[in-house]
1. Tell me the Kirkwood hydrodynamic radius of the stretch 5-71 in angstroms, computed as one over the mean inverse distance between distinct C-alpha pairs.
2. In terms of the ratio Rg/(2.2 N^0.38 Å) built on C-alpha atoms, what value belongs to the chain?
3. Excluding same-chain residues fewer than 8 positions from residue 238, which aspartates and glutamates have a Cα within less than 13 Å of its Cα?
4. Expressed in nm to one decimal, what extension gain is obtained for the pair residue 86 and residue 190 from 0.36 nm per residue of sequence separation less their Cα-Cα distance?
5. Taking a spot 7 Å from the Cα of residue 5 along the direction of its beta carbon, which residues of the stretch 29-65 have an amide N less than 20 Å from it?
6. Assuming R0 = 51 Å, can you tell me the calculated FRET efficiency for the pair residue 99 and residue 25, based on Cβ-Cβ distance, to the nearest 0.05?
7. Report the calculated FRET efficiency for residue 172 and residue 110 (r = Cβ-Cβ distance, R0 = 22 Å), to the nearest 0.05.
8. Just to verify a number: FRET efficiency for residue 41 and residue 63, C-beta to C-beta distance, R0 = 22 Å, to 0.05?
Amino acid sequence: MTVIQSFDRAMAIATALASDEHRKWWTINDLAKECQLPVSTTYRLLYTLMNHDLVEHDAATKQYTLGIRWMEFGLRVLDRIDYRKVIKPMIEELAREVEESVYFSQPSGLESIVVDRVDSQHNIRIYDQLGLRIPMHIGAANKVVLAHMPEEEARQTVLQLVGEEETPAFMEKLAQIRKAGYAVSFAERTENTASVASPIFDYTQKVIGALSIGIVTFDLKEERLNYLIERVQDAAHKTSQRLGSI
């Protein structure tokens, strides 16, 4: 049995367990029949799913039901969808106001992911595609997120990305960013570009990502840069408030 075939069959079992809102528990024979699988194959797949808390087993009745891990996954997805519903109008408004490309990115381990964006209408503009992964030590958005993480969590992330020798200086820079409440980066990924970013917090006061503005720098003046910093901070603060942050 190939990995893909095993995955498809495991998902068929999970789908069967979720198929009837009036039926919580299934016997192995009923699942095998529903999924058109041998009982021995169904058992092996159920055992694997149980190891990952995706299926629960009642030893007394010898029946199976969906595990609580699915609820955890669902809540996480719902949480992200809710974030985007709140954040999308905010980045649209910010993009209209500053007439630049605006992004919302979220941390994912040692990288961040560009989750949403609104593009500038300029002919020359910054363009980072949705789903783009960027190492957490690169760019204003990532640095402002690191700066507002718990210090030890940020330090461990930085240590893995830049090494022990460079970590102290990097952490000092993060402390400055945290104090300022925003970050600015120049040409870290692309020449003649810059970005300004400010953190977004949820109702638990946890940093969940950053709003950032991408800028082409060939005609960027200090007054314009300061204006963009002010606007991204204001938009991030309003967004955090809408997510329940104090």
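Read-outs throughout are calculated quantities, based only on the coordinates presented, and are distinct from any laboratory measurement. Please read all numbers here as calculations on a predicted model, not as lab measurements. Heads up, the Cβs are rebuilt from the backbone with ideal geometry, glycines too, and the neighbour counts pull from every protein chain shown.
1. Mean inverse Cα-Cα distance, inverted, gives 11.6 Å.
2. It is 1.31.
3. By straight Cα distance, residue 238 reaches 93, 202, 230.
4. Working it through step by step, the gained length comes to 34.5 nm.
5. Once the point is set 7 Å along Cα→Cβ of residue 5, 32-49 turn out to lie under 20 Å by backbone N, inside the stretch 29-65.
6. Plugging the Cβ-Cβ distance into 1/(1 + (r/R0)^6) gives 0.30.
7. 0.60
8. Using R0 = 22 Å, I get an efficiency of 0.75.
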